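Chemist: Can you read through this structure? Questions will come right after.
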Amino acid sequence: MSPLSQALADYLTMRRALGYKPDKTERLLGQFITFAEDRGETHIKTETALVWATRPAGAAAIWTSRRLAEVRLFARHLRTLDPMTEVPPDDLLPARGRRATPYLYTPQEISNLMRATAVLRGSHVQATCRALIGILAATGMRIGEAIGLDRDDFDAAGGILTVRKGKFGKSRELPLHPTTVAALDDYLRREDRPRQAGTPALLISSVRKRLRYGTVQSTFQKLLHHCGIVPHSATCRPRIHDLRHSFAVNTIIDGYRAGEFGAADPGSRLAILSTYLGHADPGDTYWYLSAAPELLGLAGERLERHLGGDA
């Protein structure tokens, strides 16, 4: 193994030990090292990193910036071990990624999507898709987390779903509403559920396999089309991931409407919500909420009452 390849292996081992899943990092840096070694280089050079990052010609700025950023992080790590390593400057290929504006589903739209599963072929497929949408809407978990659930992760008696394959490898327990518990219990007891499935998955396909991300995405797009749910704008398009955004926003809105906060700081519920969603940084949860005009309006009303001495 070459020195650069060995350094990469050590770097990835360190990242995994810190809880990261550096799959994309491993792929991109592996390609970069091959490129650098083909040029006869044994140390990271800024010029080489720039040439590699801007391939192919005409690539989007956000793509070239991401590629160079991966090399920059690796170079910073390697510089502490190899002083001949060059670290690409921060102002080289700058590009700020723009997050998509969340599409916030109304309760009616979620109900429509669940009813629209009737257009899918096969009663079990319909039930599985309804269960998936229900889980995402009721818990706000990530799609990959929902797909990764096993039957043993559902505790009907305790009303708990355990996410064991969350982001950064973290696990968490999610208390469920009784209606969600009943719906999942009914789903698992269906007579049309494939028996002797070759997977322990909670949600299984008609061929007795764990659901696949690509298949879920295409099916959800079909349901969106059937329900007539269209983009609000070019930057606000309905996605299945937006069920997570909708859950986060509605959780806080419900607290305002119920008068739960009173004179208390809504930040306390935000901290709980952040943990429930599996966010490592509460700032990520705040971003989810900042895109909701209704929520900002409720917060503004509370502020006005506070300033008026009513809170």
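The values are calculated or read from the model by the stated rules, or taken from the named source; none is laboratory data. Since the model is a prediction, treat every value here as computed from it, not as a measurement. Note: ideal-geometry Cβ built from the backbone for every residue, glycine included; neighbour counts use all protein chains shown.
Chemist: Specify the residue that is farthest from residue 81 (Cα to Cα); the eligible residues are those in region 44-54 that are in contact with a helix residue (DSSP H, G or I) (Cβ under 8 Å, 6 or more places away or on another chain) and of a type outside the set (A, V, I, L, M, F, W, C).
Modeler: Here the answer is 54.
Chemist: Looking at (1) without any contact (Cβ under 8 Å) to a residue 60 or more places away in the chain; (2) in contact with a strand residue (DSSP E or B) (Cβ under 8 Å, 6 or more places away or on another chain), find the lone condition where residue 210 falls short.
Modeler: (1)
Chemist: Restricting attention to region 137-171, report how many residues are on the phi > 0 side of the Ramachandran plot and either at pLDDT 95 or above or not in a helix (DSSP H, G or I) (or both).
Modeler: Total meeting the criteria: 2.
Chemist: Residue 86: of a type in the set (D, E, K, R), assigned to a loop (DSSP other than H, G, I, E, B) and touching a residue at least 24 places away in the same chain (Cβ under 8 Å), yes or no?
Modeler: yes
Chemist: Working only within region 96-122, note down all residues that are assigned to a helix (DSSP H, G or I) and at pLDDT 95 or above.
Modeler: Answer for region 96-122, where residues must be assigned to a helix (DSSP H, G or I) and at pLDDT 95 or above: 108, 109, 110, 111, 112, 113, 114, 115, 116, 117, 118, 119.
Chemist: Okay, moving on. From the list 131, 201, which one is at pLDDT 95 or above, among the hydrophobic types (A, V, I, L, M, F, W, C), buried (at least 18 other Cβ atoms within 10 Å of the Cβ) and closer than 26 Å to residue 224 by Cα?
Modeler: Going through 131, 201 in turn, the sole match is 131.
Chemist: Any idea how many residues of region 195-243 are β-branched (Val, Ile, Thr) and assigned to a helix (DSSP H, G or I)?
Modeler: Residues that pass the stated criteria total 3.
Chemist: Can you list residue pairs whose Cβ atoms sit under 9 Å apart, with the first residue in region 1-14 being surrounded by 13 or more Cβ atoms within 10 Å (Cβ to Cβ) and the second being acidic (Asp, Glu) and assigned to a helix (DSSP H, G or I)? Count only pairs 6 or more apart in sequence or on different chains.
Modeler: Here the result reads 4/37; 5/37; 8/26; 12/26, each pair linking region 1-14 to a residue that is acidic (Asp, Glu) and assigned to a helix (DSSP H, G or I).
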